[in-house]
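Below is one structure; the comments refer to it alone.
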Amino acid sequence: MLRGVVALVIACSVSACAAPDAGGGFVARDEDFDGFLEWPSFELPPGSLTMAHDDGATRRLYFTHVPESASAPFPVGTILVKTAELGAPSTWEIHAMVKRGGDFNAEGARGWEFFDLAIDENGRVVIVWRGESPPPGAGYPGASDGACNSCHTLVADRDYVFDRSLFD
């Protein structure tokens with residue numbers, strides 16, 4: 001009986017990690033962002049973001065996958081994490097996009113889910129909020145309404161990612 005309970009606990013734990021959703025997409029969990037500081041990354045060049053971000057922070061983009069070509073979409077399961085690194089990591093501004101796929105965010109950046117993340121006092125990454133848009137009072141400081149879709153839908157032809165040339 002104990003063996004059956006242990007097997008059930010292991011099966012439930014494994015299924016909770018970055019599991020596909022019922023629609024065949026990818027649903028990110030806190031642990032999917034663990035170690036993102038070790039992922040491939042590059043510093044974002046000056047002027048690649050709005051002047052609202054001109055605060056002296058080093059801005060980096062960390063990523064898990066790149067598209068097959070400059071015109072191909074990012075694969076489902078891609079995680080992009082953008083940081084504004086100024087001060088201790090627990091104070092950084094951290095935004096993320098996850099290519100969930102399917103019909104998720106069908107009226108916005110199709111297939112993408114947006115996140116705000118934080119690094120806690122133990123150095124673990126936690127999801128602050130997630131979804132098609134931020135909750136009231138949260139969101140992207142540079143967007144007119146704080147919603148990620150406001151800007152990302154402007155670049156639908158680039159799979160909703162602004163400067164894809166950086167991945168070449």
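The values are calculated or read from the model by the stated rules, or taken from the named source; none is laboratory data. Computed from a prediction, not measured in an experiment: that's the story for all the values here. Quick reminder, even Gly has a Cβ in these numbers, built from the backbone with ideal geometry, and neighbours come from all protein chains shown.
Can you tell me which residue is nearest to the chain's Cα centre (by Cα) among those in the range 72-110 that are assigned to a loop (DSSP other than H, G, I, E, B) and among the charged types (D, E, K, R)?
Let us first name the residues in the range 72-110 that are assigned to a loop (DSSP other than H, G, I, E, B), namely 72-78, 86-88, 92, 100-110.
Going one step further and asking which of them are among the charged types (D, E, K, R), we end up with 100, 103, 107, 110.
Numbers: Arg100: 10, Asp103: 17, Glu107: 18, Arg110: 14 Å.
So the residue we want is Arg100.
Within the range 130-147, how many residues turn out to be at pLDDT 70 or above and hydrophobic (A, V, I, L, M, F, W, C)?
2
Looking at the range 61-79, which of its residues are surrounded by fewer than 20 Cβ atoms within 10 Å (Cβ to Cβ) and not polar (S, T, N, Q)? So that I can check it myself, show each step before the final result.
Filtering the range 61-79 for residues surrounded by fewer than 20 Cβ atoms within 10 Å (Cβ to Cβ) gives 64-73, 75-77.
Those that are surrounded by fewer than 20 Cβ atoms within 10 Å (Cβ to Cβ) and not polar (S, T, N, Q): His65, Val66, Pro67, Glu68, Ala70, Ala72, Pro73, Pro75, Val76, Gly77.
Kindly list the number of the only condition in (1) buried (at least 16 other Cβ atoms within 10 Å of the Cβ); (2) over 20 Å from Arg29 (Cβ atoms); (3) modelled with pLDDT of 90 or more that fails for Ser150.
Tallying (1) buried (at least 16 other Cβ atoms within 10 Å of the Cβ); (2) over 20 Å from Arg29 (Cβ atoms); (3) modelled with pLDDT of 90 or more, Ser150 fails exactly one: (3).
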